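Working notes, beginning with the structure itself.
The values are calculated or read from the model by the stated rules, or taken from the named source; none is laboratory data. Since this is a predicted model, take the numbers as computed values, not measurements. Neighbour counts run over all protein chains shown; Cβ positions are idealised from the backbone, glycine included. The accessibility values were calculated without ligands, DNA or RNA, using every heavy atom of the protein model including side chains. Shrake-Rupley method; radii C 1.70, N 1.55, O 1.52, S 1.80 Å.
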Amino acid sequence: MPGPQSTSAAHHQPALEPPSAKQVPVRREHWGDVVVDDYAWMRDVEDPATIPHLEEENAWTEHVTARLAPLRDRLFSEIKARTQETDLSVPWRKGPWWYFLRTEEGRSYAIHCRRPDDGTGSAMIADEGAEQVVLDENALADGHEYLSVGVLDVSPDGQRLAYAVDHDGDERHDLRFRDLTTGEESAERIADVSYGFAWAADSCTCWYTVVDDAERPWIVHRHVVGTDPVSDTEVFREDDARFHVSVDPSRSGAVVVISAGSAITSECWLLDAHHPVADAQPVTLREQGVEYSIAHHLEGLFVVSNRDGAENFALWRAPLDSISVGPPQTWIPILAHREDTRLEGIEAFTEHLVVHLRHAGLTGIRIMDPAGRVVRDLATPEPVFTIAPGMNAEYDTSTYRFTYQSLVTPPSVFEEDLVTGERVLRKQQPVLGGYEPTTYTSAREWAVAEDGTDVPVSLVWRADAVPQGPAPCVMWGYGAYEVSSDPWFSAARLSLLDRGAVFAVAHVRGGGEMGRHWYEDGKVAHKVNSFTDFVACARHLVTTGRTSPDQLAAR
C-alpha cells in the first residue's frame, strides 16, 4: 500500500537513536536450552528504568513514523466519517418491557433504556416520552479514567436493577442495586464481584460470583437485596485452581445454572429459582476430559457434550428426574456425533430448540422441535459469513432473532418466524458515506499445509481498486484456545480495500473453525502447525497470483 510523500517536518526532528535493551540480560535454561531475554527486567514494574525506557520507545516510534502523520490523520477522518455515533439498538422484549441501547455523539458509553409495551407487541414504539433510562454508563464514568460494567440485570418483576462497576480495570467489580420504580440506590455494596449473576424468581434474592487473589471466580454467594452482604450465604466453592466458576439464569426462569470449567473439563449444578434457599444439585459430576453445557426445558435438560468419545460433541436430552451424581445412563441421544460438524451449544424455548454448530469452517444455526426432530437450518446468502444468536430474552416465543455479517455485509439483526419461515431485517449497522457492498468481493479458498491438510482462507477485496497482477495484501491469523477467527465486517478496513489492498484471514489450526480436532492439532506438541499453516496460506496467496512476497504483510 503506497504511503504519502515524506514531510519536511520529519527532516527537522532532532536526531534520535533507537532505544537499546537494558544491559542486564536475563539468562534462563529450559530443557537444556539457554535463552537470553534482554527485556525480562521489565517484568519488575518498580524498576526505575521502566518508564524512561517506554518514553524512549514512544519517542523513537514518533520519530520514524513522522512521515505517516498526514496519512494517519486522513485515515482517522475517513473512519470517523463512516461511523454513526448517535444510534439505537433493536429493542428486545422481556415481560411487559422493550429494552434497548442508545449511543450519543460525543459520549463514550452506552445508555441502557426501556419502554413499556403499548399493547401491540411491536418493538417500534412511537411514544418516545415513555422511555425510562435504566442505566447511563456515561454518568457512572464521570470523574473516572476507566469504566467497565460487568453485570447489568433487571429482576424478573422489572422493579430492580443489579449492576456491577469496575473503575480500575482489574475486573473486580462493585455490585450495586437500584430500585427502578423510585430510582433509589440500595445501601449495600458488594466488592470483588466477577461477571456471573442471576436473580431468583422472587426478584429479591440473587446469586453472584467473587474472585480469589488470582482473579479467578471461585465462589457463588446468595444475597437478599437490602441486607448486609456480610450475612450472604456461600452456596458453591471451587478450590481447584484450574476451574473458573460462573452463575447464569436459564431462559425458562425455573433454574439457575452454576458452571465450573477448566480447559478440558466442565461441570454444572442447578439452583431452584423458585426456592432460592435450596441446595445446588449436580447435573452429573465432573469427569476429566468431559465437557458439557445445558439448556433447561420442561421436557428436560438438553445437554451438549463430548462424552462417550464425541470429539465434536453430540446432543442428549436428560429427563429431569434422572439428574444425579451418577453416570448419565438415562440420557436420550438427540443428535449423534459427526466428524464434519461441531456442535457448539443449544438454546431452549417452549416450542423449539436452537442448535449452534460449525461445518466446513463456517457457523450455522439449526432449528429443532423439543422432541428432537430437525426442522431446518437457517439459510445464508453468501459463501463466507458469520451467523450467531441475537438477543432472545423471552422463553415463550415463536420468533428467533439472530445476527449476520460477512466481510462485505455490515452486522445485521434478523428475526425469523419459526412457524412460517418469514424473515425480517430489523437493523443493519449504518456505514455512512454511501457504502455499497456490491463494490466488494469476498471468497473462501483453501491452502495446502505441509502435511497435506486443507486450511481455509477468507478473502475480501475491491475489484475496481485491485491492480492487474499481484496486489498488496494484509493476512491476519490467530490460532489458539479454540478461538475461531470467523469472518467479520469492519468499516475501518474499507480504507485499506479502497486503496487496492486484499485482506485475508488464515484460519490456522489451534482455532476451532474446523471442529475440535482443528484445535487439538494446533496445541502443545502440535503447536508448530499454527505457524506452518500460516506460512502455507501466505504461499497460497502468492502462487495463486493474489499477492507477492514483497507486498504481503502478516498480522
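What to note about this one:
- If you take the Cα centroid of the range 127-187 and the Cα centroid of the range 94-119, the two points sit 13 Å apart.
- Rounded percent of accessible protein surface that carbon and sulfur make up, the chain, 1.4 Å probe: 53
- Convex hull volume per residue, computed on the Cα atoms of the range 55-181, equals 148 Å³.
- For Lys527, residues with placed amide H under 5 Å, excluding near neighbours: none
- Remark: the range 80-94, residue by residue, has Karplus-estimated 3J(HN,Hα) of 5, 5, 8, 9, 8, 6, 8, 8, 9, 6, 6, x, 10, 8, 8 Hz, where x stands for each Gly or Pro and the curve is 6.51 cos²θ - 1.76 cosθ + 1.60 at θ = phi - 60°.
- The residues of the chain have, on average, 50 Å² of accessible surface per residue, using a 1.4 Å probe with all protein chains present.
- Among Phe503, Phe100, Tyr404 the positive-end extreme of the charge dipole of the chain (Cβ point charges): Phe503
- When the trypsin sites (Lys or Arg not before Pro) in the range 340-446 are filtered for DSSP coil states and for at most 10 other beta-carbon atoms within 10 Å of their beta-carbon, the remaining sites are Arg373.
- Label point distance in nm, Asp340-His275, each placed 7 Å from Cα along Cα→Cβ: 4.8
- Rounded to 10°, Cα long-axis angle of helix 50-64 versus longest principal axis of the chain: 60
- Volume per residue of the convex hull around the Cα atoms, evaluated for the chain, comes out as 208 Å³.
- Adding -39500 (n - 2.57) for every DSSP H run of four residues or longer, then dividing by how many residues the chain holds, sets the calculated 222 nm ellipticity at -3000 deg cm²/dmol.
- Potential lengthening of the chain between Lys80 and Val448 amounts to 128.6 nm, from the contour at 0.36 nm per residue minus the alpha-carbon distance.
- Each residue of the range 248-261 is assigned a 3J(HN,Hα), and the resulting list reads 9, x, 8, 5, 5, x, 7, 10, 10, 10, 9, 10, 10, x Hz, derived from the Karplus form 6.51 cos²θ - 1.76 cosθ + 1.60 (θ = phi - 60°), x at Gly and Pro.
- Share, in percent, of DSSP beta bridges within the chain that are antiparallel, nearest 5: 95
- Longest exposed-site-free window of the chain, the sites being chymotrypsin sites (Phe, Trp or Tyr not before Pro) in a DSSP loop that have at most 15 other C-beta atoms within 10 Å: 147-434
- If you take the alpha carbon atoms of the range 437-533 and fit the smallest convex hull around them, that volume is 99 Å³ per residue.
- Separation of the Glu145 and Val64 label points, Cα + 7 Å toward Cβ, nm: 2.8
- Two-site label geometry, Lys94 and Asp44: point separation in nm, points 7 Å out along Cα→Cβ: 4.9
- Rel. contact order, % - alpha carbon contacts under 8 angstrom, at least six apart, the range 179-289: 19
- Nearest-0.05 FRET efficiency for Asp37 and Glu234, computed from C-beta distance (R0 41 Å): 0.45
- Taken about its Cα centre, the range 133-175 carries a charge dipole of roughly 200 debye when the Cβ of each Lys and Arg holds +1 and the Cβ of each Asp and Glu holds -1.
- Degrees between helix 528-543 axis and first principal axis of the chain (Cα, 0 to 90, nearest 10): 60
- Built from the Cα atoms of the range 354-487, the convex hull projects on average onto 11.7 nm², one quarter of its surface area.
- Scaled against the 2.2 N^0.38 Å expected of a compact globular protein of N residues, the Cα radius of gyration of the range 117-246 reads 1.18.
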